[in-house]
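No value in this document is a laboratory result; all are computed from the given coordinates. Just so we're clear, the structure is a prediction, and the values are computed from it rather than from any experiment. With ideal geometry, Cβ positions are generated from the backbone for all residues, glycine too; neighbour counts draw on all protein chains shown.
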Amino acid sequence: MKKTVLNFLTISILLCAHTIWAQNPNNDPSLAGKQLLNPDDHILYLIDHEGQMAFAVQNIDIQTLRNNTGLVAGASKLFNVNTVITTVAEKSFSGPIFPEIKEYYPDESTYIDRTTMNSWEDKRIVEAAKKSGKKKIVFAGLWTEVCIVLPAISAIEDGYEVYFIADASGGTSKMAHDMAVARLIQAGAIPITSMQYLLEMHRDWARAEKYVEVNELAKKYGGGYGLGIHYIKTMQKWAKEEEEKKKEKSKK
């Protein structure tokens, strides 16, 4: 009995944690570092997440890559980030965009299809950044060593502050991806991960208007973290059901 009560209390404490934070009067977003991303300060480019490009990726398994890409696409849609979807030779070679991106950005007419390996050499890509008025750019795509390195370095030279989502990008070998990441960092780009992208934008559980959506997105594409959310929510539901059963029995 004591063990059951203790387990229930543990679950309750974990579940109440977000509520406690939401009531915290000490939160002040203005204290955050200027380097941190927020939904309004950057433009996101999702580059060449297409079947033919993914077939050659070796540094990360494809399912994880797809989940991470879905997490990024979902986060950008949830927080209304200015997002550009771009493909390379979609109809003739690389094929359709990942379903995990199309789920959130279904209008294919908005995609920019290119012939250039360096997307920054396509005027439409550069114009989108200029039109956004943002000075921060976040890149994710395939392959890291070509389709991320080339536009990232070009954008840095044009005066943008560049971030790249390493685990929503992939290379043709582990070495290719690792060397690309090293080159990007040496050039001044800032590496982040897909879950970091989501949580860095949300950043405060007191932002109740996005609480449910953030958790649902994490449950869907967040791997172990998402599974943990599913676990604790299910345990809460079962605990509540048990309490209700006990109340019904006590009435008889």
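Legend: residue pairs Lys77/Lys136; Lys174/Lys210; Lys220/Lys246; Lys134/Lys210; Lys219/Lys246, Cα-Cα distance threshold 27 Å; pairs beyond threshold, Lys174/Lys210; Lys220/Lys246; Lys219/Lys246.
Per-residue 3J(HN,Hα) values for the range 214-229, derived from phi via the Karplus relation 6.51 cos²θ - 1.76 cosθ + 1.60 with θ = phi - 60°, read 4, 5, 5, 5, 5, 4, 6, 10, x, x, x, 4, x, 5, x, 5 Hz in sequence order (x marks Gly and Pro). Per-residue Cβ neighbour counts within 10 Å put Phe55, Phe139 in the sequence Phe55, Phe139, beginning with the fewest. Taking the number of Cβ atoms within 10 Å of each Cβ as an exposure proxy, the fewest-first ranking of Thr115, Thr193, Thr69 is Thr115, Thr193, Thr69.
Once C-alpha pairs closer than 8 Å and six or more residues apart are averaged by separation and normalised to the residue number of the range 42-202, the relative contact order reads 31 percent.
Compared with the dominant Cα axis of the chain, that is its longest principal axis, helix 123-132 is turned about 50°. For the charge dipole of the chain, defined by +1 on Lys and Arg C-beta atoms and -1 on Asp and Glu C-beta atoms about the Cα centroid, which residue among Ala168, Thr87, Pro151 has the Cα displaced farthest towards the positive pole? With unit charges placed on the Cβ atoms, the residue in question is Ala168.
In the chain, a dipole from Cβ-located charges (positive for Lys and Arg, negative for Asp and Glu) runs towards its positive end, and of Trp238, His49, Leu31 it is Trp238 whose Cα lies farthest in that direction.
For the range 196-234 and the range 120-145, what is the centre-to-centre distance using only Cα atoms, to the nearest Å? After rounding, the separation between the Cα centres reads 27 Å. The charge dipole of the chain, taken about the Cα centre with unit charges on the Cβ atoms of Lys, Arg (+1) and Asp, Glu (-1), comes to about 1360 debye, rounded to the nearest 20.
Put simply, the amide H of Ser169, placed in the peptide plane, has neighbours under 5 Å in Gly141, leaving out anything fewer than 5 places away on its chain. For Asp113, the residues whose modelled amide H falls within less than 5 Å of its own, excluding neighbours fewer than 5 places apart on the same chain, are Thr87.
By the rule of a C-alpha distance below 13 Å, with chain neighbours fewer than 8 residues away ignored, the aspartates and glutamates paired with Lys251 are Glu243.
Of the residues Tyr105, Tyr221, the one with the fewest other Cβ atoms within 10 Å heads the list, and the complete ranking is Tyr105, Tyr221.
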